[in-house]
Amino acid sequence: MSGGVVIIGGSGHLGSRIVQSWLSETDMPITIITRAESEASFTNDARISVHKGDYTSVAFLKEAMTGQSVLVCAMGLTATPESVELVYKTAAAVGVKWIIPQGWGNDWQNPRLAARVPPMSAAKASRSMITELGIPYTGFITNPWLDWNISSGLFSIDVASRKATLYTGAVTRFNTTTLSQVGLAVVRFVRQLLQPGPDFKIEDYRDREVYISSFLLTQKELLEAVQQATNTTAGDWKVETQDVQAYIRDGESLMSQGQFMKGLFQVLFGCLYSEGFGGDYESDKGVNNAVLGLPQEDLVLELRKAIKG
């Protein structure tokens, strides 16, 4: 496959890591689409072409995507289904040949998770739309990102105050991936699309998900690693316990009461810690780390970097 690569959302948490990996892993150019109001700055590299504009403008999107073969969609969490749909339709109109779609994170293909968390259906709907437009896609399942969610406290581990909540024994293993590992995986996959090696079979990845992971652990093991990363002991922390099903129900109540994002994260993480909701996709489906040549990371080191910021 010949042509270039365009990423929409290239200044975000994930998009910036993809761009960073692209520049370090390849000599090829990359086009970045960001919102007009974005104050993000990019390294002064001749391979980068930045287009700032209105995501709702077909003319703007066409100009930025024309001549590109691969679209990587890394728009933020607040991106509406309508805006994502417009991006895909514009990509089809200008002849984009492959899409890495929106919908990173938990395994939306898990039926129990999809039934419990209706917003997960958006990933399925967007992929169906891409197929209807006649463009192949490859999605990435990563589960919640380790570094971003440790920093934000969404693992229910508050590093600053040394407080944590463990849920119903916290013995269920789950996969989690660092942002840098996700960025590297995307770049190495896209590079294979554009410059396939002798063992790369493009049809193996058409209209399917790639599963990647940095670590497979329990919430308790994660807390212990955080304690190592911060040079603290269990005695330095205040740790509470809570029933995970009550945590999920509380999240569902928040969603219905207008605190949608807060409640959604609570439900997603509650399901992550629960058996049967796809948190441990590695044991069930395996991961594609080896195929993409992803490195084995050090948990404590990655946590130290995340906590340090």
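The values are calculated or read from the model by the stated rules, or taken from the named source; none is laboratory data. Because the structure is a prediction, the values reported are computed rather than measured. As a convention, Cβ positions derive from the backbone with ideal geometry for all residues, glycine included, and neighbour counts pool all protein chains shown.
Could you list, in sequence order, the residues of segment 1-20 that are under 15 Å from the mean Cα position of the chain (by Cα) and polar (S, T, N, Q)?
Narrowing segment 1-20 to residues under 15 Å from the mean Cα position of the chain (by Cα): 7-19.
Within segment 1-20, SER11, SER16 meet the criteria.
crowded, with 17+ Cβ neighbours inside 10 Å, without any contact (Cβ under 8 Å) to a residue 60 or more places away in the chain, touching a helix residue (DSSP H, G or I) at 6+ places or on another chain (Cβ under 7 Å) and not small (Gly, Ala, Ser), is that true of ILE100?
Here the answer is no, as ILE100 does not meet what is asked.
Note down all Cβ pairs under 8 Å where the first residue falls in segment 230-247 and is outside the structural domain of ARG116 (by TED's automatic domain parsing), the second is among the β-branched types (Val, Ile, Thr) and assigned to a strand (DSSP E or B), and they're at least six residues apart or on different chains.
As it stands, the answer is VAL239/THR165; GLU240/THR165; THR241/THR165; GLN242/THR165, since those pairs meet every condition given.
Give just the number: which of (1) free of Cβ contacts under 8 Å to residues at least 24 places away in the same chain; (2) surrounded by fewer than 18 Cβ atoms within 10 Å (Cβ to Cβ) does ALA125 not satisfy?
Going through (1) free of Cβ contacts under 8 Å to residues at least 24 places away in the same chain; (2) surrounded by fewer than 18 Cβ atoms within 10 Å (Cβ to Cβ) one by one, ALA125 breaks only (1).
Quick one: in segment 29-49, of everything that is without any contact (Cβ under 8 Å) to a residue 24 or more places away in the chain and either assigned to a helix (DSSP H, G or I) or of a type in the set (Ser, Thr, Tyr) (or both), which residue is surrounded by the most Cβ atoms within 10 Å (Cβ to Cβ)?
SER49
Can you find, within segment 196-226, the residue that is surrounded by the most Cβ atoms within 10 Å (Cβ to Cβ) among those that are without any contact (Cβ under 8 Å) to a residue 60 or more places away in the chain and in a loop (DSSP other than H, G, I, E, B)? If you could, list the steps in order and put the result at the bottom.
First, pick out the residues of segment 196-226 that are without any contact (Cβ under 8 Å) to a residue 60 or more places away in the chain: 197-201, 203-204, 218, 220-221, 224.
Of the ones still in play, those that are also in a loop (DSSP other than H, G, I, E, B) are 197-201, 218.
Numbers: GLY197: 7, PRO198: 4, ASP199: 7, PHE200: 14, LYS201: 9, THR218: 17.
Step by step, filter segment 196-226, then rank; the result is THR218.
Consider only pairs whose beta carbons are under 6 Å apart and that are at least six residues apart or on different chains; among these, list those whose first residue lies in segment 1-28 and is over 14 Å from PHE42 (Cβ atoms) and whose second residue is among the aromatic types (Phe, Trp, Tyr).
Filtered contacts from segment 1-28: HIS13/TRP148.
ILE202 versus (1) under 24 Å from LYS285 (Cα atoms); (2) modelled with pLDDT of 95 or more; (3) β-branched (Val, Ile, Thr): which is the lone unmet condition?
(2)
Could you list, in sequence order, the residues of segment 255-279 that are in contact (Cβ under 8 Å) with a residue 12 or more places away in the chain and surrounded by fewer than 21 Cβ atoms within 10 Å (Cβ to Cβ)?
Matches in segment 255-279: MET255, MET261, GLY263, LEU264, PHE265, GLU275, GLY276.
Using beta carbons and a limit of 6 Å, which pairs, at least six apart or on different chains, have the first residue in segment 161-188 and more than 17 Å from ILE248 (Cα to Cα) and the second one in a helix (DSSP H, G or I) and among the polar types (S, T, N, Q)?
Partner pairs satisfying both residue conditions: GLY183/SER21; LEU184/SER21; VAL187/SER21.
Kindly provide the set of residues from segment 143-173 that are within 15 Å of ALA225 (Cα to Cα) and aromatic (Phe, Trp, Tyr), ordered by number.
PHE155
Check off (1) surrounded by fewer than 22 Cβ atoms within 10 Å (Cβ to Cβ); (2) over 29 Å from SER21 (Cβ atoms) for TYR167 and give me the number that stays unchecked.
The number of the failed condition is (1).
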